[in-house]
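The values are calculated or read from the model by the stated rules, or taken from the named source; none is laboratory data. Given the structure is predicted, the values throughout are model-derived calculations rather than measurements. Heads up, the Cβs are rebuilt from the backbone with ideal geometry, glycines too, and the neighbour counts pull from every protein chain shown. These area figures cover heavy atoms from the full protein model, side chains too; ligands, DNA and RNA do not enter into them. Shrake-Rupley method; radii C 1.70, N 1.55, O 1.52, S 1.80 Å.
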Amino acid sequence: MHASLTTALPTGPSSNDAAFTGTGAGHRAGSASRPARRTLRGIAALAATSGLLLAGAGVASAHVSVDPASTTEGGYSQLTFSVPSESTDTTTNKIEVALPTETPFTSVRVKPVEGWTSEVIRGDLPKSVEVDGATLTEAPLTVIWTADDEEHQLTAQQYQTFSLSVGTLPEAGTTVELPVTQSYADGTVRVWDEPAVEGEEEPENPAPSFITTASEGTDSHGAASAEATDKAAAGTSELETEQAAARTDTSGTVLGWVGLSAGVLGLLVGALALARTRGQRQN
């Protein structure tokens, strides 16, 4: 089969082949290549335009933001701030987060960041506030992170995350704004404090914010308790299963010993019977 196919294939150019290599074929090839080149140019232009649009989107979105782990009213949450440096001329060396005063947090804890020193500043509230049945006149007002040295300052190609554990969160539907002041090594400052309005274009320096949501019957502590209960129940079930397996193993062991004893007893009876038979034959 392979030999016949090989023989059937032409080994050199035929007259028809020569015709296609002439001027007419070259003209057709050139005509066909021009649309292809135009198509390639169009694709390249589209790619370049898309790249510029994506680059512009990247610059526009490169601002300080906050990502809450939970937004449930009355609960606790970890707030993670993402901070790009942005400046191409200098480095970011300090970040300052202003905490809410109308709905103050009763608890603020800072997650350590290598190469940065943190400080929580407490102070008097503009006016007293009722929180969980207690009247507060002071609360944590500001959290500051400062780079320990130049090595840990943020360049234009870098960003850092800074996290807080806060609580309790205000009632559902509350917009929690957390303005951020970003300081640079050359003394310049950028303040991210403009409120974002739904339905309107994002401001140039939007303040990081989030909106609290309704509770589903349990706060973060309640959820943790429920999870612990489930784990305890699962542990109990596993223990009961292990105990049942142990009882099964014990029962199997007892039956094994009974069978072995019966076998040994049978061998003894057989040996005695054989001995008696041999004794009778000898007599």
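Number of residues in segment 146-163 that are in contact with a Lys or Arg (Cβ under 7 Å, 6 or more places away or on another chain) and not small (Gly, Ala, Ser) equals 1. Residue 170 meets the conditions (1) open to solvent by 30 Å² or more (accessible area, probe 1.4 Å); (2) part of a loop (DSSP other than H, G, I, E, B) in every case but one. The failed one is (1). For segment 141-154, a residue qualifies if it is over 22 Å from residue 123 (Cα atoms) and open to solvent by 50 Å² or more (accessible area, probe 1.4 Å), and the qualifying residues are 148, 149, 150, 151, 152. Within segment 109-163, can you find the residues that are touching a Gly at 6+ places or on another chain (Cβ under 9 Å) and more than 19 Å from residue 183 (Cα to Cα)? Listed by number, the residues that qualify are 132, 138, 139, 140.
Number of residues in segment 69-83 that are outside any loop (DSSP other than H, G, I, E, B) and surrounded by fewer than 19 Cβ atoms within 10 Å (Cβ to Cβ): the value is 3. Residue 95 meets all of the listed conditions (1) open to solvent by less than 30 Å² (accessible area, probe 1.4 Å); (2) out of contact with any Pro (no Cβ under 6 Å at 6 or more places or on another chain); (3) closer than 17 Å to residue 68 by Cβ but one, namely (3). Of the residues screened, residue 88 is not one that is under 20 Å from residue 207 (Cα atoms) and either open to solvent by 40 Å² or more (accessible area, probe 1.4 Å) or part of a strand (DSSP E or B) (or both). Counting only residues that are more than 25 Å from residue 157 (Cα to Cα) and of a type in the set (Asp, Glu), which one in segment 65-105 is nearest to the chain's Cα centre (by Cα)? Filtering first and then ranking leaves 73.
Of everything in segment 190-218 that is of a type in the set (A, V, I, L, M) and closer than 14 Å to residue 83 by Cα, the residue that is least open to solvent (accessible area, probe 1.4 Å) is 207. Looking across segment 103-140, the residues that are open to solvent by 40 Å² or more (accessible area, probe 1.4 Å) and either touching a Pro at 6+ places or on another chain (Cβ under 8 Å) or among the aromatic types (Phe, Trp, Tyr) (or both) come down to 103, 118, 120, 121, 122.
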